[in-house]
Amino acid sequence: MVTRDYVLNLIEKAGKGDRRALGRLLTILEDVNSETAWVVEYLASRSRGAHVIGITGMPGAGKSSLISRAISVLRGRGYRVAVITIDPTSPLSSGAILGDRLRMQEHATDPGVFIRSVTTAGLLGGLSLSALSMIEAFDALGYDKVIVETVGVGQSETQVMNVADTIVVVTMPGAGDDVQALKAGVFEIGDIYVVNKSDRPEASKTYEYMLFVAEKGEIGRGGAWRPPVIKTSSTLGMGIREFVEALEKHLEYLKGSGEKELRLSSRRKMLVKLLAEKIVVDSLNTIAEAELSKLQGNVEGFYEKALEIARATGEKLVNLRIQ
Amino acid sequence: MSMELTLSRPTTRRKVKVLVAKIGLDGHDRGAKVIARALRDAGFEVVYTGLRQTVDQVVAAAIQEDVDIIGVNQHEGSHVYIARKLLEKLREYGADDIPVVMGGSIPVVDLDVLKNIGVREVFLPGTPINEIVDKLLRIAEERRSRREV
């Protein structure tokens, strides 16, 4: 049981720079439910307007290494940086290897940097709810840049992406031609496109493809912003300043156009939706568990059974009160 | 049976989170990776921090990730020195409630030395992976029952 005093104490300590307290607070948020929803609300009401940056792209494109390089530049400019990295949960064992952190370990002891790994575990938006709740914590505690890194596949990750202020799509040489890039999906959503590993052969070809896609297509999320394409190499440290510059320019654009507020609003709307989903799923699971354990042998009339469970869940929800 | 288990698992049940670390100049990471994969297959969330970490980096990672257990793998003979440093640092940061376990090329004669320093469990060469999994699960469960979250 997580008591209110315990959490408030954690938040206060975390605000004073106690990283252990922040680590524990994030654990509560990773697992947020109707009992702890108030924590997210409390933190959200103390938002300091952090710049939320979503970084997505195929596995192995070098997202984590790029972030690590970018952190150095951002720190040089005096920003406090938080990173939430999301790694897949095994569908077989439900275990996970969280390996993104490895690329950023040089920043582990920097008091202005906080890195937290989460998995895609959890049902129906569970992941997004964890990540969104953690964003609120970092925002309230004064982190200027909150970077969320995902492999960019699967709906729940797209949900997180869609509520970032700035979406960065990372690709690399040899990752397919312009037709690949024209396909619907992750390449539609970028505010900034990065061709990482540009020290490799064929980098300029991939760059041309991306340029074509970014310039000719009706890519991006509307508005006056034209998504830039940037060549980087984390190995050589090439293009990192340009990348950070693009992040800054996009933030300026968001603020100037009033879009920053719109994106914050859609982030909060998503929080409400995911929390509702979580409340329903939790109630459903409790009831389903009890009902299903009664079933024996060859189960018949399962649609009727499903409706029964759904109705019972509805009744339970009707009686739910805010604590 | 396993089907019913899956259905009845509450959505809020948190996985055991373990940090697998290699500290210092030791470059032999095959063992650490085998352990990391075995723990993943047993349903753990494994944070792997890679080779040549400092004690400070490992403690910082453990705190930020709020792990249940720190597992250190050493193959070059410095395990006693490293264990002493690591537990010292954990105390310094008020994080000495995180249990530390060790494995790798550790001779039997050092077993008591390590335990006296405060290492919770030492897995000598040849320890079956199932045994490691079981012990880690027990350590994590016991700790969680004492902790508020």
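Structure above, values below:
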{"item": "Count of residues meeting criterion [more than 7 Å from every other protein chain (Cβ to nearest Cβ) and in contact with a Leu (Cβ under 9 Å, 6 or more places away or on another chain)] in the stretch B:52-63", "result": "5"}
{"item": "Filtered residues of the stretch B:109-129 (kept if surrounded by fewer than 16 Cβ atoms within 10 Å (Cβ to Cβ), free of Cβ contacts under 8 Å to residues at least 60 places away in the same chain and under 22 Å from B:R30 (Cβ atoms))", "result": "B:L124, B:P125, B:G126, B:T127, B:P128"}
{"item": "Answer from A:A82, A:A70 - the residue that is under 22 Å from A:R263 (Cα atoms), in contact (Cβ under 8 Å) with a residue 60 or more places away in the chain and not in a loop (DSSP other than H, G, I, E, B)", "result": "A:A82"}
{"item": "Residue list for the stretch B:30-39, filter: over 15 Å from B:I70 (Cα atoms) and within 11 Å of chain A (Cβ to nearest Cβ)", "result": "B:R37, B:A38"}
{"item": "Residues located in the stretch A:18-59, provided they are more than 27 Å from A:V169 (Cα to Cα), modelled with pLDDT of 95 or more and not in a helix (DSSP H, G or I)", "result": "A:D18, A:S45, A:R46"}
{"item": "Test: B:V101 is closer than 17 Å to B:K17 by Cβ and crowded, with 16+ Cβ neighbours inside 10 Å", "result": "yes"}
{"item": "Test result for A:S293, within 13 Å of chain B (Cβ to nearest Cβ), without any contact (Cβ under 8 Å) to a residue 24 or more places away in the chain and either exposed (fewer than 12 other Cβ atoms within 10 Å of the Cβ) or not charged (D, E, K, R) (or both)", "result": "yes"}
{"item": "Given (1) closer than 26 Å to A:R24 by Cβ; (2) surrounded by fewer than 18 Cβ atoms within 10 Å (Cβ to Cβ); (3) within 14 Å of chain A (Cβ to nearest Cβ), index of the condition B:E88 fails", "result": "(3)"}
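The values are calculated or read from the model by the stated rules, or taken from the named source; none is laboratory data. Nothing here was measured: the structure is a model prediction, and the numbers come from that model. Cβ sites come from the backbone with ideal geometry, for glycine too, and all protein chains shown count toward neighbours.
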